[in-house]
Structures are given as structure tokens and as C-alpha cells.
């Protein structure tokens, strides 16, 4: 299914008093560029999260914002290291006695010494709970962002197919004009020579040779065939169930090359006008394709 590279998704997972919320937004990018902002408690699974995202999203600049809310009893719990505090107090008492100075240590002073008060480390079970919450929330966010990208992708697909139909009409018009352009050149050439010379001196074979040279230089049959092929190829690619952005970009470049060749060979105002309209449509298609994954 065709997808746009622009989208937004949100996911939330709750376990007791723990909540992880993930918001994702994506915009156009040549490759898959993932940037995650998360709390420290999830740093160790950053690569896992990125790998999960890459499995589902192939192109785009993706910003991921993760919020962790822990209101459980053990959230940010502080542990008092009684043994270490007693050792500090024994040393302070000894210093006071030896130097005959007042032992003025207060609780607020003691609590500042290293390791007297420490944050309670999470056990392995708690880490697994938090990881599972993150993965669950990410799956929901991914599902939502893929849905928004798919909806916009379908709109892009509809618009591109309409533009391809218009392009095919211009190609058909170019195809019908080509024989008339050659005949018009033969008539104008004959008239011009008649104006400059005696009618009896006109050599039909020389006229035919000049017309043949002109026809060869201005012939766009090959370009028309290739344009028709590229239009069909792009139409088929739009129905493919895969990431097609890069492929469509390549096809549009080939279309643009053929349109430029048509314009370079144009010796007729109608051919030039149709060629310009065709090239304008191709540029619009190329702009739209930049939004496709």
C-alpha cells in the first residue's frame, strides 16, 4: 500500500501506576532517519526501539518522543545506608575527641556525604515491566502513524493517477501532430522555393530529400513510445504493495529526460506547447513523489 512520508501517531501503555506515552511524527527524508527523545530509564533499549520502527517505516525523518510516568510506591525511592552513616559518625566523633573541637554534624550535613542516601535501583522484574510497556506503546504509535501515512498516500495516489491520465493525453496529441508537422513542412518548403525560383525548376526528389532530413531530425516517435512505457510503468508501480518512493522518483526522472528531448527536437509551435505542458505535469508529479515512502 502506498504511503506518504508525512504522518503522526500516538500510543500509550499502562501497568498499575506506570504509564509510557509515545508520540511520533514523520516528514520527508531521503532515507530513514530516526531521532528518539526518551528518559534515562529507557536508554538501554534505544536500539531495539529503532529496529522495530525500521521494520515498519522505510523512509522519512521520524521524531519519537517518549514520556515515562511512574507513580508506583517504588518510584524514585531513596535508600538510607545505615552502616555507612554509622561509620561516618564514628569518624567525626574520633576527630572531635582528638582535636578537642565540637562535633557539629547535623542530619542535613550527614545526608550530603557519598552513598549515605541512594536511589533504590530497580530490580530485573521492574525493568522488564517498563520495557514491555515501551514496546506496547510503540506498537500502538506505529499502527497510528502508518494509518495516517496510508490515508495521505491514497490521496497522493489518486492525484498522481489523474496527472498520469493528463500526461497520456498530451502524448497522444503529440503522436497525432507528428505526421501533420511533416506535411506542413513539405508544403511550406515547396511554397518557399516556388516564391524564389521558377516552378519548373523545382526538383521533387530534392524536396523529398529535404523533408526526409527534417523528419529525421524532428522525429519524436521513440520518445513517445518511451513516455507511454514510463506512464504505464508508473501506473503499475503505484498499485504495488511495497515502498515505491525511490522507484517512482527514478521513473519520473526518465520521463523528464524524454520530455526534454521532445522539446529539443520541436520545430513546430504545437509540438512545443504540448511538450511544455507535458514537462510541467512531470514536474508536478516529481514534487508529489517526494512525499511518498
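The values are calculated or read from the model by the stated rules, or taken from the named source; none is laboratory data. Predicted model only: the values in this text are computed from it and were never measured. Positions of Cβ are backbone-derived with ideal geometry, glycine not excepted, and every protein chain shown enters the neighbour counts.
Couple of notes before you dig in:
- Hey, residue 214 under 30 Å from residue 28 (Cβ atoms) and either surrounded by 12 or more Cβ atoms within 10 Å (Cβ to Cβ) or at pLDDT below 70 (or both) or not: no
- The set of residues in the stretch 18-47 that are touching a residue at least 24 places away in the same chain (Cβ under 8 Å), out of contact with any strand residue (DSSP E or B) (no Cβ under 7 Å at 6 or more places or on another chain) and either crowded, with 18+ Cβ neighbours inside 10 Å or part of a helix (DSSP H, G or I) (or both) contains only 45.
- Candidates 161, 146, 157 - the one that is part of a helix (DSSP H, G or I), touching a residue at least 40 places away in the same chain (Cβ under 8 Å) and either under 30 Å from residue 71 (Cα atoms) or touching a helix residue (DSSP H, G or I) at 6+ places or on another chain (Cβ under 6 Å) (or both): 157
- Residue list for the stretch 50-73, filter: over 16 Å from residue 131 (Cβ atoms) and within 15 Å of the chain's Cα centre (by Cα): 54, 55, 56, 57, 58, 59, 60, 61, 62, 63
- Residue within the stretch 60-67 that is assigned to a helix (DSSP H, G or I) and free of Cβ contacts under 8 Å to residues at least 60 places away in the same chain present: no
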